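This report refers to the structure that appears directly beneath it.
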Amino acid sequence: MTDLGTLGGHAVGDMPDSFGADINNKGQVTGASVTASGFMHAFRWDPATGMQDLGTPGENSIGRGINENGQVTGSRGDGGAFLWDPATGLQDLGTLGGSQASGHRINAKGQVTGTSQIAPGSFQTHAFLWDAVGGMQDLGTLGGTNSIGLGINSRGQVTGMDDSEGVPPRTFLWDPVIGMRDLGNLGGSNISSFGNDINDSGQVTGASTIDVGLRAFLWDPATGMQDLNRMIPPGSGWILGQGLAINDTGQITGSGSFGGVERGFLLTPVAVTEVPEPGTLTLIGIGVVGFGLLRRRASSGRETWLLLGISLPICRLPGDGLLAAVIVRQRRGTRGTRGAAMSDNAFTESTALAPRANAAEKWIALRAATWIIAGSPSSWSRHRARRDRRQS
């Protein structure tokens, strides 16, 4: 646990002395802290040098996003969006025509997304994409009045929310080639949704309302929008309310409740085989699967080994299917066979990896892996009993 400290001041009432809003892979953090003069200023905190005031003009400012180069974006108290660079300092990003703008996230290329007023005195705000070459680009809306950019990946794709008057908020995905599209919601005609973050595979996480409140979602280019609560083991005690960030391996962090208590969560994708006919793979949610090892010496003196392992992390990527690995090794006397199954092309790839394994052995590999993962000792016991009868 690390205390980030403050910029020299202390807040009054319920306001925090400081808070972190974003973190990069180097452990650098941005957010805001109270200064000695009593204002909130954007900061960049570094594990080696501590907290640095970004020197934003005006009385208040907030750092909202930080990239791998230590660049920070955010908003100033006077209504402007900024980019702070360790070498060049503070830069005003301008607006889409009005006087107010706010930067929310920044990618490794220094591209920023956020929202801006589109005209002086207007109540309309649009999501934007800013870069050093083209300046601030209006991303438009889904046909309504307002939108806001909340997440950006290294490909310049942006996700966020269309918050137009007269319709529920909707999650959007903006792409430099195809523009803005509606990602929908978790079902229903009067249900709102919003995208908080997007990874380099184009997967989006956020939240959508249903009858009983907010539910976290994962939107994938191949499968669409799915309720994350349907991707975790039933009876886990968790209700996942909102996905806040997603990384390039498909891990999602966010907020929810566990046993009625509000908690943060980290969701790690795990693949399990649904066997045998389709040979497909499905996501099952939170957890880590290790390996099972069974050794048995038959009365005839022959030795049988069965080794199963699941490789992690596993996630769905566009064009690659669900990435997984199941490895089975069997040995009876001097005859050895080996079968493996990987991704959606399970049997093709397993043949390449283990040409001596036949179709029946591959089927056994998938079925055995399912028993182990599902934790069904009765099924596994029945399998062993049948095998023992055959051997006897």
Taking a ≥ b ≥ c as the square roots of the eigenvalues of the Cα gyration tensor, with a/c under 1.5 meaning rounded and otherwise prolate when a/b exceeds b/c and oblate if not, the stretch 1-139 is oblate
So if we plug the beta-carbon distance of residue 48 and residue 131 into 1/(1 + (r/R0)^6) with R0 = 35 Å, what FRET efficiency do we get, rounded to 0.05?
-> 0.75
Name the long-range amide H neighbours of residue 60: under 5 Å, sequence gap of 5 or more, or other chain; modelled H, no Pro or chain starts.
-> 77, 78
Can you list residues whose amide H is under 5 Å from residue 184's amide H, if they're 5+ apart or on another chain and H is modeled 1.01 Å from N?
-> 171
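What's the extension gain from residue 123 to residue 223 if we count 0.36 nm per residue and subtract their Cα-Cα distance? Present the calculation step by step, with values, prior to reporting the outcome.
Values: separation 100, 0.36 × 100 = 36.00 nm, distance 3.59 nm.
Taking residue 123 through residue 223 to full extension adds about 32.4 nm, to one decimal.
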May I ask you to evaluate 6.51 cos²θ - 1.76 cosθ + 1.60, the Karplus curve with θ = phi - 60°, for each residue of the stretch 199-204 and list the ³J(HN,Hα) values in order in whole Hz, giving x for glycine and proline?
-> 9, 6, 8, x, 7, 10
For residue 100, other-chain or 5+-apart residues with amide H closer than 5 Å (H placed, Pro excluded) are 117
In the full protein assembly as shown, how much of residue 95 is accessible to a 1.4 Å probe, in Å² to the nearest 10?
-> 50 Å²
Total charge of the residues flanking residue 208 in space, meaning their Cβ is under 11 Å from its Cβ, with Lys and Arg +1 and Asp and Glu -1, is +1
Mean projection area, nm², convex hull over Cα of the stretch 131-208 = 5.2 nm²
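FRET efficiency for residue 2 and residue 190, Cβ-Cβ distance as r, R0 = 51 Å, nearest 0.05?
0.70
Would you mind classifying the stretch 78-206 by shape? Square roots of the alpha carbon gyration tensor eigenvalues, ordered a ≥ b ≥ c; an a/c under 1.5 is rounded, otherwise it is prolate if a/b is larger than b/c and oblate if not. Display every interim value, and only then the final one.
Details: a/c = 2.23, a/b = 1.32, b/c = 1.68.
Oblate, since a/c reaches 1.5 and b/c is not below a/b.
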Expected vector for the stretch 226-240, Karplus 3J(HN,Hα) from phi with 6.51, -1.76, 1.60 and θ = phi - 60°, integer Hz, x for Gly and Pro, equals 10, 6, 4, 5, 8, 10, 10, x, x, x, 6, x, 8, 10, 8
Tell me the Kirkwood hydrodynamic radius of the stretch 144-271 in angstroms, computed as one over the mean inverse distance between distinct C-alpha pairs.
-> 14.7 Å
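The values are calculated or read from the model by the stated rules, or taken from the named source; none is laboratory data. Here the structure is a predicted model, which means the values were calculated and not measured. Note that each Cβ is placed from the backbone with ideal geometry, even for glycine, and that neighbours are counted across all protein chains shown. The protein model used for the area step is the full one, side chains on, heavy atoms only, and it has no ligands, DNA or RNA in it. Shrake-Rupley method; radii C 1.70, N 1.55, O 1.52, S 1.80 Å.
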